[in-house]
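The values are calculated or read from the model by the stated rules, or taken from the named source; none is laboratory data. All values derive from a computational prediction rather than experimental measurement. Ideal geometry is used to build each Cβ from the backbone, glycine not excepted, and the neighbour counts take in all protein chains shown. Quick note on the areas: whole protein, heavy atoms, side chains included, nothing else; ligands and nucleic acids left out. Shrake-Rupley method; radii C 1.70, N 1.55, O 1.52, S 1.80 Å.
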Amino acid sequence: MQHVDVAVIGGGQSGLAAAQALVRAGLEPLVLEASERAAGSWPRYYDSLTLFSPARFSALPGLPFGGDPDRYPHRDEVAGYLDRYAARLDAEIRLGCRVTRVAAEAGGRFRVDLEGGAALTAGAVVAASGSFGNPYRPALPGLESFTGRLLHVADYRGPEVFAGERVVVVGAGNSAVQVAAELALGSRTTLATRAPVQFARRRLWGRDLHFWLTRTGLDAAPLARLLRTPPIRPVLDDGRHRAALAAGLPERRPVFTGVSGDEVTWADGAVERVDAVVLATGYRPHLPYLAGLDGALDAAGRARHRDGASLAHPGLAFVGLEWQRSLSSNTLRGVGRDAARAARRLARHLR
């Protein structure tokens, strides 16, 4: 059975950043990516998606994004950037290689089982399967009975198939507002939220917000230690989405209180027929392969860690979790910092 220094599970932005940091720490990682491309979830996001941070603040360690540093790169640009990053890595990346189970073995090693029956052992494991592989679908009242089109924003590509329809988008984050505003151009769309949408100006005093986050140190500050629950991120806006909501394109209403067939009941008692519901309700970490590793996850399936270091297994690290250490932990600009910390710890552990 093959043995490797470190098995990195996931070949998206988190796994690539982890592999780069592990190589710099003198280790030989093996990246195991379930899909056929080392670009994470980026190729599967909706067609109009652009980064919420400029290119100059959106690069992984060791490779600038390239092009106009002040532009907001499109989805396909990001996927292409990750392809280039993977090609430059001095580490083996195995595509189409899904991890099904990680188990502890004697001497602190891990056994990593792969789909199809193969397995390998590793001195350490980095869980880097990201925060976007497990779409969150909240248990909204009656939603299971909805007979119209129901999808998560992870499966949304563009507004064309919804033209002329009655659509409800559930959520209050960047993707929810962006998708609802896009749909509202060709369909009657409602943005359903639990509270009014919170906006933050994309540019302050002539600079993008990320310039100020970096300059003040807030971007990298270990704020996660102070948080009992992660705060809701405001929608970054240049004024267009705030104006669209103010004009009712889309309209904003409190989340519906019930669903029956193709009808939703609103908080004011009104009942109306709806063609489609799009859940822009976020994601949860995708870590099913750690379910049998004692102490790795809590009862809800969330990583038990401190700053990415497992609380139960010294040879296990996490990279790319939302608010893992800072507000930028699961972003292109911030994941490299957490990856470097994890790599240093694992190098000390293996020595």
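Net charge within 12 Å of ALA55 by Cβ-Cβ distance, Lys/Arg positive one each and Asp/Glu negative one each, not counting ALA55 itself? All intermediate terms of the calculation are to be shown ahead of the outcome.
Numbers: positive: ARG56, ARG71, ARG333; negative: ASP68, ASP70, GLU77, ASP208.
That sum, taken over residues with Cβ under 12 Å, equals -1.
Round to the nearest 10 and report in Å² the accessible area of THR331, as given by a 1.4 Å probe over the protein chains' heavy atoms.
Approximately 30 Å² for this residue.
On a 1.4 Å probe surface of the protein chains, which of ARG333, ARG166, ARG306 comes out largest in accessible area, and what is the full order? Present the calculation step by step, with values, prior to reporting the outcome.
Details: ARG333 45, ARG166 15, ARG306 135 Å².
Of ARG333, ARG166, ARG306, the descending order of accessible area is ARG306, ARG333, ARG166.
Take every Cα pair under 8 Å in the stretch 55-131 that's 6+ residues apart, average their separations, divide by the length, and report that relative contact order as a whole percent.
On the way: 63 pairs, mean separation 11.8, N = 77.
The value is 15 percent.
Out of residues 5 or more away from GLY12 or on other chains, whose amide H comes under 5 Å of its own, with H placed 1.01 Å from N in the peptide plane?
Result for GLY12 returns GLY40.
Quick one: divide the alpha-carbon radius of gyration of the stretch 260-344 by 2.2 N^0.38 Å and tell me what you get. Mind showing how you got there, number by number?
On the way: Rg = 19.2 Å, N = 85, 2.2 N^0.38 = 11.9 Å.
Ratio of Rg to 2.2 N^0.38 Å for the stretch 260-344: 1.61.
Need one number: convex hull volume per residue for the stretch 15-59, Cα atoms only, in Å³. Intermediate values should be presented prior to the final figure.
Details: hull volume 3.7 nm³, N = 45.
For the stretch 15-59, the hull spanned by Cα atoms encloses 83 Å³ per residue.
Relative contact order (percent) for the chain, with alpha-carbon contacts under 8 angstrom and 6 or more residues of separation?
Details: 766 pairs, mean separation 79.9, N = 351.
Dividing the mean separation by the residue count of the chain yields 23 percent.
Using a 1.4 Å probe over the heavy atoms of the protein chains, calculate the carbon and sulfur portion of the accessible area of the stretch 9-77 as a whole percent.
On the way: 1350 of 2620 Å².
The computed percentage sits at 52.
So what J values fall out for the stretch 4-15 if you push phi through Karplus, 6.51 cos²θ - 1.76 cosθ + 1.60 with θ = phi - 60°, rounded to Hz, Gly and Pro as x?
For the stretch 4-15, the Karplus-derived couplings read 10, 4, 9, 9, 9, 9, x, x, x, 4, 6, x Hz, x marking Gly and Pro.
Pop out the ³J(HN,Hα) list for the stretch 295-309 in order, Karplus 6.51 cos²θ - 1.76 cosθ + 1.60 with θ = phi - 60°, rounded to Hz; leave Gly and Pro as x.
Per residue, the Karplus-derived 3J(HN,Hα) values read x, 6, 10, 8, 4, 8, x, 8, 5, 9, 8, 10, 6, x, 8 Hz.
Roughly what would the spin-label model give for VAL161 and ARG88, points 7 Å off Cα along C-beta, in nm?
Those two pseudo-labels are separated by 3.6 nm.
Hey, if you drop one equal point scatterer on each alpha-carbon of the stretch 64-119 and run the Debye formula without solvent, what base-10 log of I(q)/I(0) do you get at q = 0.19, 0.22, 0.25 Å⁻¹?
The computed values of log10 I(q)/I(0) come out as -0.81, -0.90, -1.00.
Grab the eigenvalues of the alpha-carbon gyration tensor for the chain, scale each by 5, take roots, and send me the semi-axes largest first in whole angstrom. Don't skip to the answer; put the middle values down first.
Numbers: eigenvalues 274, 112, 67 Å².
Equivalent-ellipsoid dimensions as semi-axes: 37, 24, 18 Å.
What is the helix-to-structure angle for 75-88, meaning the angle in degrees between its Cα long axis and the longest Cα principal axis of the chain, kept from 0 to 90 and rounded to the nearest 10?
It is inclined by approximately 0 degrees.
Using a basic spin-label model with each label point 7 Å from the Cα along Cα→Cβ, how many nm lie between TRP205 and ALA299?
Calculated label separation equals 4.8 nm.
Taking one equal scatterer on every alpha-carbon of the stretch 1-84, how large is log10 of I(q)/I(0) by Debye at q = 0.16, 0.20, 0.21, 0.22 1/Å?
Once normalised to I(0) and log-transformed, intensities are -0.66, -0.93, -0.99, -1.05.
For ARG252, what residues show an amide H to amide H distance below 5 Å, using hydrogens built from the backbone and excluding near sequence neighbours?
When sequence neighbours closer than 5 places are left aside, the close amide H contacts are LEU191.
For the chain, with every protein chain kept in place, what is the accessible area per residue (1.4 Å probe, Å²)?
I get 46 Å² per residue for this part.
Working only with C-alpha atoms, what are the Rg and Dmax values of the stretch 1-157, expressed in angstrom?
Values for the stretch 1-157 (Cα only, Rg and Dmax): 18.1, 55 Å.
In square angstrom, rounded to the nearest 10, how much accessible surface does ASP113 have for a 1.4 Å probe?
The accessible area of ASP113 comes to roughly 20 Å².
Using a 1.4 Å probe and ignoring any ligands, DNA or RNA, find the accessible area of PHE65 and quote it in Å² to the nearest 10.
Only protein atoms counted, so the area is about 20 Å².
For a quick check of your reading of the filter: which GluC sites (Glu not before Pro) in the stretch 1-96 sit in a DSSP loop and have no more than 10 other Cβ atoms within 10 Å?
GLU36
Two-decimal Rg/Rh of the stretch 199-351 from alpha-carbon positions, Kirkwood Rh?
Numbers: Rg = 20.7 Å, Rh = 19.1 Å.
Rg divided by Rh gives 1.08.
Taking the convex hull of the Cα atoms, report for the stretch 187-257 its projected area averaged over all directions, in nm². Show your work: numbers first, answer last.
On the way: hull surface 27.3 nm².
Here the figure is 6.8 nm², rounded to one decimal.
Cα-based Rg of the stretch 150-275 per 2.2 N^0.38 Å, rounded to two decimals?
Numbers: Rg = 17.1 Å, N = 126, 2.2 N^0.38 = 13.8 Å.
The stretch 150-275 yields a ratio of 1.23.
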